[in-house]
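Asks: This structure is in structure tokens; I'll ask about it shortly.
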Amino acid sequence: MAEAQRAPLDLSFTQRFHFHGGLRLEVCPEVAAARPVRHAGIPARLILPLSQHIGEPARCLVTVGERVLHGQCIAEAVGKVSAPVHASSSGTVIAIEPRPVPHPSGLPALCVVIETDGVDQALGDSTAIPDFRQLEPENLLEQLRAAGIVGLGGAGFPTAVKLEHKQPIELLLINGVECEPCIACDDGLMRERAVDVIEGVRILRHIVQPAACVIAVEDNMPEAEQALRDALQQLDEQDIRVVNVPAIYPTGGERQLIRVLTGREVPSQGFPADIGIVVQNVGTAAAACAAVSRAEPLCSRIVTVTGDGVRSSCNLEVLIGTPVRHLIEAAGGYADRIERLLIGGPMMGYTVNTDEVPVIKTTNCVLAVTARSMPAPPPPQPCIRCGKCTEVCPAELLPQQLYWYTRAASYDAAQEFGLFDCIECGCCAHVCPSHIPLVQYYRHAKTEIWSQEKQKRAADIARTRHEARLARLQRIKQERAEQLAKKKRAVTGKDAGDAARQAAIQAALERVRQKKEQSGTTPRNTDNLTPDQLRQIEEADRRRRNRSTHGDDT
Ligand code: SF4
Ligand code: SF4
């Protein structure tokens with residue numbers, strides 16, 4: 001929406017708007033127990049993928065056998081949309097190799113494996129900034145970039161990139177709404193570290209310079225809301241508001257939360273900044289506080305470990321790179337034979353095949369479920385075009401159309417129908433009476449399209465290189481032709497030298513002839529004589545010369 005057409009923000013935030021569709025989901029019974037945040041401890045090994053964010057994977061800076069310290073940068077960002085990776089404890093690098101990572105594709109990715117020493121010796125960086133207000137926003141952005149801060153709400157977009165904007169920002173919206181009903185990591189963070197959250201929000205506000213700043217929590221999080229209000233009072237902060245929103249899934253989605261609080265719609269394929277709003281997760285705010293005030297890079301986060309497959313649901317503060325198996329053990333171990341192990345919640349989570357995958361920056365939940373609570377879905381049936389998926393889609397898409405197109409690999413048509421506006425919330429699959437795994441089709445299609453685009457970019461680069469090679473060969477050919485021409489000119493110069501030598505010879509012959517004349521021989525014009533006449537004359541000359549040399553003997 002153009003700025004001129006945009007309705008002014010109601011800064012009282014008393015009104016709540018509705019987004020299309022959505023679901024009221026039951027809160028997982030185990031989550032109530034996942035309350036106090038405990039430290040998961042230091043695992044024997046840390047597995048740190050070089051790609052834990054949206055954008056280019058980081059470039060490894062360490063070698064096998066190298067000792068690293070807690071907080072040491074072990075992989076640097078490559079390009080602007082990228083983020084560095086830091087060692088989350090001290091130890092020795094024992095491998096740099098592909099390992100299973102938490103990703104819907106299930107494909108392994110390059111990781112740095114650190115054998116920890118249990119000492120947790122820190123790097124001892126002294127770049128902590130006691131008062132962030134003394135720094136310009138650009139310096140703070142650099143601090144966040146160097147600390148490897150990415151969106152902890154799940155997307156993993158580098159925070160510094162998201163905070164840079166060209167247009168004026170009216171609202172900094174801090175998202176404290178849990179992504180899914182089973183996840184309680186943000187709830188735990190706000191309840192136990194509200195001061196860090198508020199300090200982080202102040203830092204983000206100093207960077208973004210918005211007209212207003214709001215923290216949104218769900219209306220079923222009264223303790224977190226109260227903790228934030230207490231922290232605001234403690235810090236004497238008047239300009240940050242805490243508001244609550246109805247617990248309708250997926251209100252935690254960026255676009256849906258903006259809609260609920262402001263009534264504004266983020267344009268298709270656009271960004272919240274396009275409508276004057278920047279959204280950051282509460283976890284990201286707390287991480288920004290740690291990065292700026294304590295010079296701590298992003299080395300840990302809070303993860304909810306839950307499901308009926310673990311003995312004791314809990315919120316754990318976990319070092320990035322900790323294997324999921326270590327979390328399960330910290331949660332009392334597996335309670336029963338588990339049916340599935342998911343990264344994320346029951347709606348948006350994806351299954352992993354091993355508990356050796358590590359926690360990465362975007363891991364908010366580990367869900368271990370038995371066949372009792374989450375039985376294997378029945379085989380999918382044909383779509384009956386009931387339209388239920390359309391009714392619940394918060395992105396106002398036509399999920400069944402997307403299903404047809406993605407199933408038929410008609411990716412252009414799928415994109416026309418808003419495939420990339422799909423937030424993969426899973427509402428459509430949740431209500432589908434035919435049990436069609438709709439989101440799997442969408443994810444696969446997106447991956448295929450990205451892969452094709454990557455191949456196209458690679459082909460473009462190859463074509464550019466080929467054209468550059470042809471141009472180089474043409475240039476070399478031209479240079480050789482010029483060298484040849486130069487040589488020819490040089491050869492022509494040699495001919496001229498021969499002509500000069502011929503002229504010199506002629507001049508010498510002329511001098512000989514004149515000498516002969518002076519010595520008595522008769523100059524003759526021999527041009528018109530026959531060969532016999534020339535021989536006779538030469539014979540006569542020879543005799544005459546003999547006579548003059550030896551006297552007349554006749
Ligand atoms: S809910 Fe399932 S069966 Fe109904 S229209 Fe959507 S995809 Fe088809
Ligand atoms: S997964 Fe995508 S298509 Fe399905 S309801 Fe969510 S946004 Fe709509």
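Asks: Kindly indicate the residue of the stretch 403-417 that is within 12 Å of ligand 1 (Cβ to nearest atom) and among the aromatic types (Phe, Trp, Tyr) and also nearest to Tyr350 (Cα to Cα) among those meeting that condition.
Replies: Among them, the one singled out is Tyr403.
Asks: Going by the structure shown, is Pro437 of a type outside the set (A, V, I, L, M, F, W, C), surrounded by fewer than 18 Cβ atoms within 10 Å (Cβ to Cβ), farther than 30 Å from Gly148 by Cα and more than 15 Å from ligand 2 (Cβ to nearest atom)?
Replies: For Pro437, the condition - of a type outside the set (A, V, I, L, M, F, W, C), surrounded by fewer than 18 Cβ atoms within 10 Å (Cβ to Cβ), farther than 30 Å from Gly148 by Cα and more than 15 Å from ligand 2 (Cβ to nearest atom) - is not met.
Asks: A follow-up question, please. Looking only at the stretch 334-350, how many residues end up being more than 24 Å from the chain's Cα centre (by Cα) and over 14 Å from Thr304 (Cα atoms)?
Replies: 8
Asks: Ok, one more. For residues that are surrounded by 16 or more Cβ atoms within 10 Å (Cβ to Cβ) and charged (D, E, K, R), scanning just the stretch 409-431, find the one that is nearest to ligand 2 (Cβ to nearest atom).
Replies: Checking each candidate, the answer is Glu424.
Asks: For the stretch 119-138, does any single residue satisfy the condition of being within 30 Å of Gln440 (Cα to Cα) and not in a loop (DSSP other than H, G, I, E, B)?
Replies: no
Quick grid of which residues meet (1) closer than 15 Å to Ala286 by Cα; (2) surrounded by fewer than 21 Cβ atoms within 10 Å (Cβ to Cβ); (3) among the aliphatic types (A, V, I, L, M):
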| residue | (1), (2), (3) |
| --- | --- |
| Leu171 | no, no, yes |
| Glu180 | no, no, no |
| Glu192 | yes, yes, no |
| Glu199 | yes, no, no |
| Ala211 | no, yes, yes |
| Asp219 | no, yes, no |
| Pro246 | no, yes, no |
| Gly253 | no, no, no |
| Leu261 | no, no, yes |
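Asks: If you check Arg443, Arg465, which single one turns out to be within 11 Å of ligand 2 (Cβ to nearest atom), modelled with pLDDT under 95 and part of a helix (DSSP H, G or I)?
Replies: Unique residue meeting the criteria: Arg443.
Asks: Here's a follow-up. Return the total of residues in the stretch 79-110 being out of contact with any Pro (no Cβ under 7 Å at 6 or more places or on another chain), closer than 21 Å to Glu142 by Cβ and modelled with pLDDT under 95.
Replies: 2
A quick yes/no check of all residues on (1) touching a Ser or Thr at 6+ places or on another chain (Cβ under 8 Å); (2) among the aliphatic types (A, V, I, L, M); (3) surrounded by 23 or more Cβ atoms within 10 Å (Cβ to Cβ); (4) assigned to a helix (DSSP H, G or I):
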{"site": "Thr284", "(1), (2), (3), (4)": "yes, no, yes, yes"}
{"site": "Ala295", "(1), (2), (3), (4)": "yes, yes, no, no"}
{"site": "Leu298", "(1), (2), (3), (4)": "no, yes, yes, no"}
{"site": "Val303", "(1), (2), (3), (4)": "yes, yes, yes, no"}
{"site": "Asp336", "(1), (2), (3), (4)": "yes, no, no, no"}
{"site": "Val366", "(1), (2), (3), (4)": "yes, yes, yes, no"}
{"site": "Ser373", "(1), (2), (3), (4)": "no, no, no, no"}
{"site": "Cys383", "(1), (2), (3), (4)": "yes, no, no, no"}
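Asks: Next question, about the same structure. Find the residue count for the stretch 388-440, including only residues that are over 26 Å from the mean Cα position of the chain (by Cα), outside any helix (DSSP H, G or I) and not hydroxyl-bearing (Ser, Thr, Tyr).
Replies: Result for the stretch 388-440: 11.
Asks: Identify, please: which residue in the stretch 418-473 is within 16 Å of ligand 1 (Cβ to nearest atom) and among the β-branched types (Val, Ile, Thr) and is, among those, nearest to Glu56 (Cα to Cα)?
Replies: Step by step, filter the stretch 418-473, then rank; the result is Val439.
Asks: Do we find a residue being among the polar types (S, T, N, Q), more than 25 Å from Val318 (Cβ to Cβ) and touching a strand residue (DSSP E or B) at 6+ places or on another chain (Cβ under 8 Å) anywhere in the stretch 207-228?
Replies: no
Asks: Are any residues in the stretch 204-218 in a helix (DSSP H, G or I) and within 19 Å of Gln233 (Cβ to Cβ), and if so, which ones?
Replies: Hit for the stretch 204-218 is Arg205, nothing else.
Asks: Could you please let me know if Ile114 is without any contact (Cβ under 8 Å) to a residue 60 or more places away in the chain and among the aliphatic types (A, V, I, L, M)?
Replies: In short, no.
Asks: Give all pairs with beta carbons closer than 9 Å in which a residue from the stretch 374-403 that is within 30 Å of Thr306 (Cβ to Cβ) and basic (Lys, Arg) meets a residue that is within 16 Å of ligand 2 (Cβ to nearest atom) and at pLDDT 95 or above; count only pairs at least 6 apart in sequence or on separate chains.
Replies: Lys388/Cys428; Lys388/Val431; Lys388/Cys432; Lys388/Pro433
Asks: Quick one: would you say Ser312 is polar (S, T, N, Q), modelled with pLDDT of 95 or more and not assigned by TED's automatic domain parsing to the domain that holds Asn281?
Replies: Against the criterion (polar (S, T, N, Q), modelled with pLDDT of 95 or more and not assigned by TED's automatic domain parsing to the domain that holds Asn281), Ser312 does not qualify.
The values are calculated or read from the model by the stated rules, or taken from the named source; none is laboratory data. Being a predicted model, the structure only gives us computed values, none of them experimental. When we count neighbours, we look across all protein chains shown, and the Cβ atoms used for this are built from the backbone with ideal geometry, even at glycine.
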